[in-house]
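Notes follow the structure.
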Amino acid sequence: MKTREEIFNILKQEFPQDVLEFQNIPTEPIITVNPLAIHRVCLFLRETAGLEFDTLMCLSGVDDANGEKTNDPDGSVTIKGGTLSVYYHLHSMKLDHKVTLRVSTPREDPEAESVESIWKCADWHEREAYDMIGIIFLHHPDLRRILMPYDWDAGYPLRKDYKNPEFYQGMKVPY
Amino acid sequence: MKSLLDQEFTDGNIVIAKTEDLLNWARLSSLWQLGFGLACCAIEMMATSASHYDFDRFGVIPRPSPRQADIIIISGTVTLKMATRIKRLFEQMPEPKYIISMGSCSNCGGPYWQHGYHVLKGIDRVIPVDVYVPGCPPRPEALLEGLLKLQEKVRNESLVKKTL
């Protein structure tokens, strides 16, 4: 069993370029990773003796809404710049330790590498993050919408500046 | 008006009734429902079908196919994705067909009326509703009353005149 600080030090040594930051938040320490290297970091976490993260407990997309906000005349908000993030909660069944990873991608070009090849359960989690937040997971085998209809073209509903469409297939959407 | 079986008969072998009344009585006494549950309201609908409330005593039996169903009870939150399916199921049901909208979600969107990006704000935007049952979710008694209201509607129908 290792503390998160120890895990961060091991990662920093192995990936000095791609493991960016360690935030020692008391409730949940977070390690920030380069979005285009997350698959390499994750494979290392799974395969290395003493780490052995065999379980991806959860993969969540988050709209940080830290860009430049402009208020539109109709009361809605448009956000430019800032980041969209993905959080990975890992657990080792064998060694009973946990770690939280984060990748932050630019809002205008939200691309992160897929970890589907490392933990199969990431398949649907990544599809959900794509469906709701709009993060593109590179090298995902089947990146389609999972909850919204396949022909939904009004954007990603859990973004903070999402705007409801007026109609979907002839059905009025707003109340 | 008393229903057919409640009326007194002087002769045991002959029942005299208007064709309309007979047909309406037959139809309202066996409103087979399309087994269609969507959310928590479906739990109450199933409770209504179970022995304690016994939907079957009103002739309501769940059918697995829209071809054999007379009513569809929209019991729960209707997402935009499901709405297109509901419309198709409704179109597959043979006439005459009826719709009970059960619960706040299918009546008007319910708690999802403002921020429910995926929720249809009332099933009546897609198919014509006969009876709205309010509640979140409605008790089985409320659904039973909704069915009685629908039976009342069927009882007053006419073969030649369209009733509203």
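The values are calculated or read from the model by the stated rules, or taken from the named source; none is laboratory data. This is a predicted model, so every value here is computed, not measured. Here the Cβ is made from the backbone with ideal geometry for all residues, glycine too, and neighbour counts use every protein chain on show.
A single member of A:76, A:117, A:92 is in contact with a strand residue (DSSP E or B) (Cβ under 9 Å, 6 or more places away or on another chain) and at negative phi, and it is A:92.
Yes/no matrix, rows are residues, columns are (1) at positive phi; (2) within 14 Å of another protein chain (Cβ to nearest Cβ); (3) touching an Asp or Glu at 6+ places or on another chain (Cβ under 9 Å):
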residue	(1), (2), (3)
A:96	yes, no, no
A:108	no, no, no
A:135	no, no, yes
A:144	no, yes, yes
A:150	no, yes, no
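Considering only the range B:136-154, I want to know if a residue exists there that is assigned to a loop (DSSP other than H, G, I, E, B) and surrounded by fewer than 21 Cβ atoms within 10 Å (Cβ to Cβ). Scanning the range B:136-154 turns up at least one residue that is assigned to a loop (DSSP other than H, G, I, E, B) and surrounded by fewer than 21 Cβ atoms within 10 Å (Cβ to Cβ). Of all positions in the range A:112-122, at least one carries a residue that is touching a residue at least 60 places away in the same chain (Cβ under 8 Å) and part of a helix (DSSP H, G or I).
Rundown of residues vs (1) among the aliphatic types (A, V, I, L, M); (2) out of contact with any strand residue (DSSP E or B) (no Cβ under 7 Å at 6 or more places or on another chain), yes/no style:
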{"position": "B:101", "(1), (2)": "no, no"}
{"position": "B:131", "(1), (2)": "yes, no"}
{"position": "B:137", "(1), (2)": "no, yes"}
{"position": "B:157", "(1), (2)": "no, yes"}
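Checked against (1) closer than 22 Å to residue B:154 by Cβ; (2) free of Cβ contacts under 8 Å to residues at least 60 places away in the same chain; (3) touching a strand residue (DSSP E or B) at 6+ places or on another chain (Cβ under 6 Å); (4) within 14 Å of chain A (Cβ to nearest Cβ), residue B:112 meets all criteria but (1). If you filter the range A:21-47 down to residues that are assigned to a loop (DSSP other than H, G, I, E, B) and surrounded by fewer than 16 Cβ atoms within 10 Å (Cβ to Cβ), you find that the one that is modelled with the highest pLDDT is A:36. If you go through the range A:61-73 and pick out every residue that is over 11 Å from residue A:84 (Cβ atoms) and in contact with a strand residue (DSSP E or B) (Cβ under 8 Å, 6 or more places away or on another chain), you end up with 5.
When the residues of the range B:59-104 are filtered to those that are in a loop (DSSP other than H, G, I, E, B) and of a type in the set (Gly, Ala, Ser), the one that is farthest from the other protein chains (Cβ to nearest Cβ) is B:59. Check whether at least one residue in the range A:69-83 is crowded, with 20+ Cβ neighbours inside 10 Å, at pLDDT 90 or above, of a type in the set (Ser, Thr, Tyr) and over 27 Å from residue B:86 (Cα atoms), and report yes or no. No, the range A:69-83 contains no residue that is crowded, with 20+ Cβ neighbours inside 10 Å, at pLDDT 90 or above, of a type in the set (Ser, Thr, Tyr) and over 27 Å from residue B:86 (Cα atoms). For the structure I just gave you, tell me whether residue A:126 is within 12 Å of the chain's Cα centre (by Cα), touching a residue at least 12 places away in the same chain (Cβ under 8 Å) and either surrounded by fewer than 20 Cβ atoms within 10 Å (Cβ to Cβ) or more than 16 Å from residue A:57 (Cα to Cα) (or both). When the stated conditions are applied, residue A:126 does not pass them.
State yes or no: is residue A:131 buried (at least 20 other Cβ atoms within 10 Å of the Cβ) and either under 18 Å from residue B:115 (Cβ atoms) or more than 14 Å from chain B (Cβ to nearest Cβ) (or both)? Considered against the rule, which asks whether it is buried (at least 20 other Cβ atoms within 10 Å of the Cβ) and either under 18 Å from residue B:115 (Cβ atoms) or more than 14 Å from chain B (Cβ to nearest Cβ) (or both), residue A:131 comes out as yes.
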